[in-house]
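What follows is one structure encoded as structure tokens, with my remarks underneath.
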Amino acid sequence: MPRKARFSREDIIAAGLRIVKERGYEAVSARALGKELGTSSSPMFTMFKDMNEIQEGIWAAAERLFYEHMEGVTEYFPAFKEFGLRLVSFAKEEPNLFQMLFMGKDQRPEIAEKIARQCLDPVEHGYGLTKAQAGLLFRQMWPVACGIAAICVRHPEDFTEESTGETLSYHFTGIMSVLKSGREVENIKPQKVVRKP
């Protein structure tokens, strides 16, 4: 009769997630997982075929945590602002998970982008925007929210919840005023200034 495994697949994934949270995704290895669980690395490969399968499980668990953090975001108005605030708070609370999901070499920004785009529907209808205008609003606001969150991974003190909200509001209001006015924004090209001696 085969000996019962000491650890389940879930235990191993949870250990991997702890390693990512504490030390970053690059710290995950079979040896590190074994140490986290107080065993050698070999028991892991009785339940997983290889390290890639374990890593995929860790990714799926990290994504679930992000989705839980964003749960109900579309119930707010404007939903995109709530999304921006939560994106920044996730970066502050879980900097290593944020870095893994959205800044690492295997980043998957589509995870957040999908939710962000869902937040545009209420904005489109609530502010009477066309699909094209809502798309333009998204393209202008998306890098702002992501930029603030990326800064907060390393320097969480740079943006409080209040200053994050203010920054998002300034950008949103500015873009909305241009969209509502119907005027085009001039794409100003930098030109070298020749200064007189």
Output for segment 94-118, where each listed residue is in contact with a helix residue (DSSP H, G or I) (Cβ under 8 Å, 6 or more places away or on another chain), over 15 Å from Pro143 (Cβ atoms) and in a helix (DSSP H, G or I):
Pro95, Asn96, Leu97, Phe98, Gln99, Met100, Leu101, Ile111, Ile115, Gln118
Regarding Glu94, is this residue touching a Lys or Arg at 6+ places or on another chain (Cβ under 8 Å) and under 30 Å from Asp11 (Cβ atoms)?
yes
Go through (1) within 30 Å of Gly126 (Cβ to Cβ); (2) of a type in the set (A, V, I, L, M, F, W, C); (3) over 18 Å from the mean Cα position of the chain (by Cα); (4) part of a helix (DSSP H, G or I) and name the single condition Met44 misses.
(1)
Are there any pairs with C-beta distances below 8 angstrom linking a residue in segment 91-110 that is closer than 14 Å to Leu17 by Cβ to a residue that is of a type in the set (Lys, Arg) and not in a helix (DSSP H, G or I), with the two at least 6 apart or on different chains, and if so which?
Leu101/Arg108
Just one of Glu36, Glu22, Glu53 is in contact with a helix residue (DSSP H, G or I) (Cβ under 6 Å, 6 or more places away or on another chain), assigned to a helix (DSSP H, G or I) and either free of Cβ contacts under 8 Å to residues at least 24 places away in the same chain or of a type in the set (Asp, Glu) (or both); which is it?
Glu36
Starting from segment 177-197, take each residue that is in a loop (DSSP other than H, G, I, E, B) and list its partners that are surrounded by 10 or more Cβ atoms within 10 Å (Cβ to Cβ) and modelled with pLDDT of 85 or more, counting only C-beta distances under 6 angstrom and pairs at least six apart or across chains.
Val185/Val178
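If the requirement is being buried (at least 19 other Cβ atoms within 10 Å of the Cβ) and in contact with a Cys (Cβ under 9 Å, 6 or more places away or on another chain), which of these qualifies: Glu82, Glu94?
Details: Glu94 fails: in contact with a Cys (Cβ under 9 Å, 6 or more places away or on another chain).
The unique qualifying residue is Glu82.
The values are calculated or read from the model by the stated rules, or taken from the named source; none is laboratory data. Nothing here was measured: the structure is a model prediction, and the numbers come from that model. All Cβ positions, glycine included, derive from the backbone under ideal geometry; neighbour counts span all protein chains shown.
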